[in-house]
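Bear in mind that the values in this text are calculations on the coordinates, not laboratory data. Every value quoted in this text rests on a predicted model; they were computed, and no experiment measured them. So basically every Cβ, Gly included, is an ideal-geometry build from the backbone, and we count neighbours across all protein chains shown.
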Amino acid sequence: MFAKIFKRLTIQAFITSFFLCFLAIFFVTYCVTAGNIDAQALIKTMFLWVAYAIIIVTISFLESRRLNQSFAAIHLLSIPLCILLFNQQGGFSIEMAIVLVILLITTSLFSNDFKKASSTKALFLLGVLVAILAFINIYYSVFIITSLLILFEIRHRQIKNVIALFVGVILTLQLLWILFYVATGSFFYDSNILKSELSVIGEYSKEDIAWSATVFIALLTATIFRLSNYKTMAQRNNTFRVFQFMRIWLIISIFFRFLNINEGNAVWLESFIPTAFFLGIAIDAIKNGFLKNLIIMAILFSAISLKLFNYDLISF
């Protein structure tokens, strides 16, 4: 059933993903509120559904227009699955939403065919995006290492590309500092999701177990899955950059959680997209339709049961 619907991008897959996302978010809201869904919870449900719907529309548009084949139809299924598995202690914040949007734009940047597009321009834009991330949270400056995915390619290993990268970073930071100083009287943005001191001692909930297991499966897929197989699945030779970028993104999100860099309602949200990405690849790698459907149903059953258990709505 699921294997057939999400085999390729169709209107049926698109609508089904929309429907599954809404059901998943509504179910999570039901669990979090212990069945007492008020108007505020319903508004939040609709807001989250719109947010995930935008992601689905973006993936579908890029895939249908052949602009970015790094994502596939199976990711329209892995997103609602991850909504059910996601650690809701992480919640949602505007700052993290901005971070995720920037990282999604960066993902699309790495999927560019530099035979047609300029690598110098791409690295300049990457510098701009990393600077915005660093302005929000200084620890996000670690994403500057992703530039090596382009610079390590022999044909792009040029001084002008390195200069373009750092010019993008410096100019953007200067502009942000000036604008923020004019608006607030301070040069630096004070993020309420940033911890001043790092520690491996933090708050962990029962939901950390389910999501940590999901992240581990994603990391395992990122480690053992052959890039050549992914190129075949994505049908483009340059999509290996996206695979590697998602792998780096996933590893960074794990370290951020382990070191408790973020706090409040942002502890796990960074890991959502790369986890959904690799979970989709892991599911799509299963060729037997019956086995694929069986595993998907097992994930659904486990996610629903664990969510009910974590919020004390059922007991084992």
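Side notes on the structure shown:
- Ranked list, fewest to most other Cβ atoms within 10 Å of each Cβ, for GLU270, GLU153: GLU153, GLU270
- Phi-derived couplings, Karplus 6.51 cos²θ - 1.76 cosθ + 1.60 at θ = phi - 60°, listed residue by residue for region 132-139: 5, 4, 5, 5, 6, 8, 4, 5 Hz, with x used for Gly and Pro.
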